[in-house]
Every structure is written in C-alpha cells, then in structure tokens.
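Read-outs: derived from the displayed coordinates by stated rules, not from any lab. Nothing here was measured: the structure is a model prediction, and the numbers come from that model. For neighbour counting, all protein chains shown are included, and Cβ atoms are generated from backbone atoms with ideal geometry for every residue, glycine included.
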Amino acid sequence: MASTENKNALILLHPADNVLVCIRHIQPGDGVTIDGAEVVSADAIQVGHKVARADLQTGEKIYKYGAAIGSLLTSVQRGEHVHMHNMQSDYIPSHTRTRQNSQRSES
C-alpha cells in the first residue's frame, strides 16, 4: 500500500495493478510514496481518481482490481494523474459531463 505525508492518500487495490487509487485529495507539490519511492505530485488529484504506479507508455493497458480497464492515450510518469484526459475505456464508450448542443428543427 502506498502512502503520502497526509497518510494513506493512495491505495493499491491489487498487486498486478499499475495504478493506485486516490482516497484523499492530493495537491500539486504534495509528496507521495509509491512502492518505496518518493514522488512529488504535479497535479491536483481528486478522490477516486487514479495515479500511475510506474512510468507507462501510450497504448499500455491500465490495470485496476487486477483487470485491464482501458489503455493510455499518452505516456505518463510515476505519480501522474490517470483519468479520462489521458486514457480511454477499451470496452465501453467514455462519457463526459460536457453536453453537446442539439439543434431542433421546427415545423
């Protein structure tokens, strides 16, 4: 299990996972320990979001709960935020909170 100066900010859900899950908000500049290595977070990371456990390359599968949940759109370094901005689901369409405007035709 990983930890931070704020104690237990990240958890490892399965030994095969290449991401950790944030259980406390992380601020830019916060130090976190990942697998014994000290890493300074460059990002604000919300509870429930993922953090790279190691350096990961574009196209690499993301493992959470020991299962592949998607793949990276861009490379990330250990400690970086992994979420919809840099990964995609390989199984279902990803949805965002952005709503597209639809045009209605009036008769």
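Measure off 7 Å from each Cα along the Cα-to-Cβ vector at residue 85 and residue 27, then give the distance between these two points in nanometres to one decimal.
Label at residue 85, label at residue 27, 1.8 nm between them.
Residue 34's amide H: which non-local residues (gap 5+, or another chain) put their own amide H closer than 5 Å, with H modeled 1.01 Å from N in plane and none for Pro or chain starts?
Under 5 Å from the amide H of residue 34: 39.
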